[in-house]
1. Return 90, 40 ranked ascending by Cβ neighbour count within 10 Å, so the fewest neighbours appear first.
2. Could you tell me the convex hull volume per residue, in Å³, taken over the Cα atoms of segment 86-152?
3. Using Cα pairs closer than 8 Å and at least 6 residues apart in sequence, work out the relative contact order for the chain, in percent.
4. Could you give the size of the charge dipole of the chain about its Cα centre, using +1 on the Cβ of each K and R and -1 on the Cβ of each D and E, expressed in debye and rounded to the nearest 20?
5. Give the Rg (one decimal place) followed by the Dmax (whole number) of the chain, computed from C-alpha coordinates and expressed in Å.
6. Name the residue farthest towards the positive end of the dipole of the chain from the options 58, 10, 69, assuming +1 on Cβ of Lys and Arg, -1 on Cβ of Asp and Glu, about the Cα centre.
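Please treat every number below as a calculation from the coordinates, not as lab data. Everything numeric in this text was worked out from a predicted model, so none of it was measured. Virtual Cβ from ideal backbone geometry, glycine too; neighbours counted across all protein chains shown.
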Amino acid sequence: MKLMWVIATMIVAVALQMTLARYTVGGRWAFDLVLVGVLFAALQWGPIAGMIAGTIGGLTQDVLDNGIVGVGGLVKTLVGFAAGAVGAQFVLARPSARMMIVAIATMLHRMLLYGILAMIKQQWAALPWAAMLWETGINTLCSMVAFYAAEALPGAMARGRASRRSSLSRRQW
């Protein structure tokens, strides 16, 4: 059952990334909703779910990005496992704790990605710190929305079903 939720999370994350990436202003707004989906899966369902989500999301993003296939999958898998392991060890019920994990994981993801690409290409590119900070902020806000929606949605659906049932029981035939 968890695997279905992980796959559904990654499908939504990849679809949102592909849809919203074209609306960024001149490429200045960097965000990685696939990474947000990986971290969401890792913090919701544990390190194994984070690894599976990282592999699926990273490889899918690599194939669609026309870059070196496998680098993004490897980095997202490592970051997903690490975030899931941290989430399993500590109680991350408060939104501030989850947001801190997402922010740290986003920075770690970007630095690992630049490091692996530098080893492959045999040249070190300068780290764009301003773009990394913007990406961290946007990813953190998106994760906050995702976690809030995940907590609020089941309750809202239950209230909707209860109100429909109570309105039907009051009808007089």
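1. 90, 40
2. Each residue corresponds to 94 Å³ of Cα convex hull volume.
3. Worked out over the chain, it gives 22 percent.
4. Result for the chain is approximately 920 debye, rounded to the nearest 20.
5. 18.6, 79
6. 10
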